[in-house]
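Structure first, then comments.
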Amino acid sequence: MELLEEARTLGESVPRPPGASGSPSPDEQEQPEDSALMVAAPAGAEGDSTGADGLWGLPVEHAERRPECSRCSRPQKVCLCPYLPVHPLQISTHLYIIQHPAEESKVLRTVPLLAACLPPEKCTVKIGRRFSEERDIELSTVCRDSGTLILYPGAEATNLEEFILDSPVYPSTIILIDGTWSQAKDIFYKNSLFRLPKQVQLKTSICSQYVIRMQPNSRCLSTLECAAAALSILEKNNYIQETLLRPLQALCSFQLQHGAQIRLSKEYLLKNGLYPKPMPKSRRKLRKMELLVNSVKI
């Protein structure tokens, strides 16, 4: 099954060096049965105190990563190029994506699909967590431009559709942050550069179609969905949103057909008593969960 092969390929563990402790860490205890670390002990090894440690010195053959499509960055056997536009969409807006480093290695990420639909000169992806004016001159210039917006929800954010009606300068660039919600929050609030552009948000009641990855609530959108909605507004062209969502819909459909499950939102799980994890002990985290259950923006 393609989904399982993909998980195995990216989930290979690094073998423990010789002489390391024989007690596995919590992460190692959770390894699936087909993990490279799950090696059966040879008969008669129970009485050998060094037997378990010796296993870590055995050579491990790492599975090679499957060849990827140069356009959609998916494995060639599950290429999504048939769902991409034949030619990149012609847009005037420059999309600038700030990507958390952890997103770069994830299998089911949406930014490669987004970038494959747009002209290279109109989509810039910058990876990192901390940025400064001295070190990141290009980003600093973008953030200081009066035509730049940053898409991030919050009390100080203006609805994008309302902003472009009253703005004397029509936006030429929009910045998006790609990562989990906690990662995006960390990047936004700990980089003063991102307080320079005008902060905007999407006023939408649509539910996310990225159903194979858990969201805080069903109205939280993936990076691709945010970009699709924002570009369709800025370019005044609904066809853009339809075109950008097509490969995401195909990705989710393929994964569901090959064993993936629909991931219900954290809000839904909490409201219906289905949340599988122990409740946090931290008062701050408990308060965030209470706000989520009560549908209060946090």
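The values are calculated or read from the model by the stated rules, or taken from the named source; none is laboratory data. In this text, all values refer to a predicted model and were calculated from it rather than measured experimentally. Cβ sites come from the backbone with ideal geometry, for glycine too, and all protein chains shown count toward neighbours. Protein only, heavy atoms only, side chains kept; ligands, DNA and RNA dropped before computing areas. Shrake-Rupley method; radii C 1.70, N 1.55, O 1.52, S 1.80 Å.
Structural remarks
- Whole-Hz couplings from phi, Karplus 6.51/-1.76/1.60, listed for region 153-167; x for Gly and Pro: x, x, 4, 8, 7, 9, 4, 4, 4, 6, 5, 5, 6, 9, 6
- Anisotropy class of region 91-217 from Cα gyration tensor, a/c 1.5 cut: rounded
- Amide proton proximity set for I127, modelled H, under 5 Å, gap of 5+: Q99
- H94 contributes about 40 Å² of solvent-accessible surface, heavy atoms of the protein only, 1.4 Å probe.
- H94 long-range amide H proximity, modeled H, under 5 Å: T173, I174
- Taking 20 Å as the cut-off, the amide N atoms of region 181-218 that come nearer than this to a point 7 Å along the Cα-to-beta-carbon line of R130 belong to 182-196.
- Solvent-accessible area assigned to carbon and sulfur over region 72-182 amounts to 53 percent, based on a 1.4 Å probe.
- By accessible area with a 1.4 Å probe, ligands and nucleic acids excluded, highest first: order of M214, M279: M279, M214
- Taking each residue as 0.36 nm, the span from S282 to S253 lengthens on full extension beyond its C-alpha to C-alpha distance by 6.7 nm.
- Electrostatic tally near S132: other residues with Cβ closer than 15 Å to its Cβ, Lys and Arg +1, Asp and Glu -1, net +3.
- Karplus-derived 3J(HN,Hα) values for region 241-247, using 6.51 cos²θ - 1.76 cosθ + 1.60 with θ = phi - 60°, are 5, 4, 5, 6, 7, 4, x Hz; glycine and proline are entered as x.
- Summing +1 for each Lys or Arg and -1 for each Asp or Glu among the other residues whose beta-carbon sits under 10 angstrom from that of R213 gives +3.
- Shape category assigned to region 61-125 from the gyration tensor of Cα positions, a/c cut at 1.5: oblate
- At R0 = 30 Å, FRET efficiency that the Cβ-Cβ distance of V86 and C207 yields, to 0.05: 0.55
- For L84, the shell of other residues with beta-carbons less than 12 Å away shows a net charge of +3, using +1 for Lys and Arg and -1 for Asp and Glu.
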